[in-house]
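Each remark here refers to the structure printed beneath this line.
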Amino acid sequence: MPAHPLRAHGMKLGRSERSPKPKINVRDFIDIEKAKSSWPVAEEASVDYSTLVSSWPMFLNDQLGDCTCAGAAHAVQLFHAMAGEQFTVADSDVERMYEQSGYVPGKPETDQGWTLAAAADYLRTVGLQGKPDIEAEAEVSVDDEDAEQVALELFGCLYEGMECPESALQQAQEGKPWSVVKGSPIDGGHCVIRPKATLRKGALHITWGTAIPATEEFDKEYFDEYMVFVPKDWESKLPEQILQLGIVDFSKLAALVDGFQA
């Protein structure tokens, strides 16, 4: 299969299984309806944070089934870029994270992938560079388009799990957008982030060191797991005009996190 010159030749998957739903849903602490009336979330509403990051490293996902860790690292890159902060994630940070899945460098039989939930827990408790990167992770229901849009606007990206068809790997290799190819078999589970969405018009996904647009039909067919990360100290980094709208109840979120950790 010929490869597009701008695409890496090696592409691994690595979502070992779909995670249980997070204990918190975004609607538990975000007033989605108020957000809709404040920014109106309309048919053509679009947000794009992908341009804030100059490059999206592979983070070893051409060699290892560490897509959950690579996606988490891309999300952390984006949080810092949104806050105007310099932050560099190294392959060694991502590999160290992936070792928590049971992976042992030099032993390929231990490269068994991981879950989105486990990767999120690592970001919340340990962090890529020795301190927690996020306050919490929360479910965004895959059929709740308004919540998807609002969560992405507030926190930069969605962290997504999918059942990846063989056609998607070929389309990525050839530099083509993801679209549904009827009858293409599922190759395995995969994890990506979404830093851009145009409501009901498809999205842009970051994986394998690049950005891949997808049709709405593709997203609905293959993605079965969305969550959003609330970065550390995000209340102090959101614009004051957003805070004044009262869309996000950070006190309630803190109570919810304390409740499930007790």
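From the residues in the stretch 126-150 that are over 12 Å from Pro231 (Cα atoms) and among the β-branched types (Val, Ile, Thr), which one is surrounded by the most Cβ atoms within 10 Å (Cβ to Cβ)? Among residues in the stretch 126-150 that are over 12 Å from Pro231 (Cα atoms) and among the β-branched types (Val, Ile, Thr), the one surrounded by the most Cβ atoms within 10 Å (Cβ to Cβ) is Val150.
Against the criterion of being crowded, with 16+ Cβ neighbours inside 10 Å, modelled with pLDDT under 90 and in contact with a strand residue (DSSP E or B) (Cβ under 9 Å, 6 or more places away or on another chain), Ala45 qualifies. Counting only strands (runs of 3 or more DSSP E) that sit wholly inside the stretch 158-262, those with at least 3 residues that are in contact with a Pro (Cβ under 8 Å, 6 or more places away or on another chain) are 203-207, 210-214.
Contact annotation: residue pairs with Cβ atoms under 8 Å, 6 or more positions apart or on different chains, pairing a residue in the stretch 50-70 that is in a helix (DSSP H, G or I) with a partner that is open to solvent by 60 Å² or more (accessible area, probe 1.4 Å), are Ser50/Lys196; Cys67/Lys12.
Give the residue that is most open to solvent (accessible area, probe 1.4 Å), with candidates limited to residues of the stretch 99-125 that are part of a loop (DSSP other than H, G, I, E, B) and either in contact (Cβ under 8 Å) with a residue 60 or more places away in the chain or of a type in the set (Asp, Glu) (or both). The extreme case among them is Gln112. Going through (1) touching a Ser or Thr at 6+ places or on another chain (Cβ under 8 Å); (2) among the aliphatic types (A, V, I, L, M); (3) at pLDDT below 95 one by one, Ile206 falls short only on (3).
The values are calculated or read from the model by the stated rules, or taken from the named source; none is laboratory data. Because the structure is a prediction, the values reported are computed rather than measured. Every residue, glycine among them, receives a Cβ derived from its backbone with ideal geometry; neighbour counts consider all protein chains shown. Accessible surface areas use protein heavy atoms only, side chains included; no ligands, DNA or RNA. Shrake-Rupley method; radii C 1.70, N 1.55, O 1.52, S 1.80 Å.
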